[in-house]
1. In the neighborhood of Gln24, defined by Cβ-to-Cβ distances under 13 Å, what is the net charge if each Lys or Arg adds +1 and each Asp or Glu adds -1?
2. For the residue pair Thr83 and Arg132, what label-to-label distance in nm results when each label sits 7 Å from Cα along the Cα-to-beta-carbon direction?
3. What are the ³J(HN,Hα) couplings of the range 28-36, residue after residue, when phi is run through the Karplus curve with 6.51, -1.76, 1.60 and θ = phi - 60°? Round to Hz, x for glycine and proline.
4. Between Arg35 and Arg10, what is the FRET efficiency for a Förster distance of 41 Å, r being their Cβ-Cβ separation, to the nearest 0.05?
5. Using a 1.4 angstrom probe, figure out how much accessible area the range 15-58 has per residue, in square angstrom, rounded to the nearest whole.
Amino acid sequence: MSTIKQQGGRLAALTPYDCWALLQDVKIGRLAWSRPQGPAVVPVNLSLVDGALWLRTSLSSELVRDALDRAVAIQVDEIDEVTRSGWSVLVLGTAELVTGEDVPEHLHVLDVWPTGPRVAYVQVSPTQVTGRRLGAPAHP
């Protein structure tokens with residue numbers, strides 16, 4: 001049986017505008033930060049509101065204990081294995097706990113998949129946004 005090796009697609013940098021456009025519809029990403037015992041990466045439900053990424057978690061979460069007021073990264077992506085194409089956006093910023101009236105009204109319905117009380121609202125204010133797109137490979 002012979003195997004045909006398919007060439008990869010073209011990798012291109014995304015503009016900040018394109019990155020923000022892709023982030024508009026994203027509901028899931030990965031949040032990363034550095035802790036004393038090493039890096040932490042957790043999946044999170046999120047929402048883009050007024051130029052910041054928001055998420056809800058529990059007050060006892062590792063995120064609230066270890067990542068507030070620190071540099072964090074959020075990565076979101078979409079991948080199509082069949083066409084070998086997709087995109088990835090990386091947001092660097094600072095995570096801060098937001099309470100009470102400072103939480104935008106429509107975030108109170110932010111969909112969160114895990115069960116249990118998720119009353120801690122965390123805002124990640126971006127300092128840098130970058131992204132890349134991988135186009136589908138050209139067919140011979």
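1. Working: positive: Lys27; negative: Asp18, Asp25, Asp50, Glu78.
Around Gln24, the charge tally is -3.
2. If labels sit at Thr83 and Arg132, their model points lie 1.9 nm apart.
3. 9, x, 10, 9, 10, 7, 9, 10, x
4. Values: r = 37 Å, r/R0 = 0.90.
For R0 = 41 Å, the calculated efficiency reads 0.65.
5. Values: 2290 Å² over 44 residues.
Ligands and nucleic acids excluded, the figure is 52 Å² per residue.
The values are calculated or read from the model by the stated rules, or taken from the named source; none is laboratory data. None of these values were measured; they are calculated from a predicted model. Here Cβ is always computed from backbone atoms with ideal geometry, including for glycine, and neighbour counts include all displayed protein chains. What goes into the accessible areas is simple: the full protein's heavy atoms, side chains included, and nothing from ligands, DNA or RNA. Shrake-Rupley method; radii C 1.70, N 1.55, O 1.52, S 1.80 Å.
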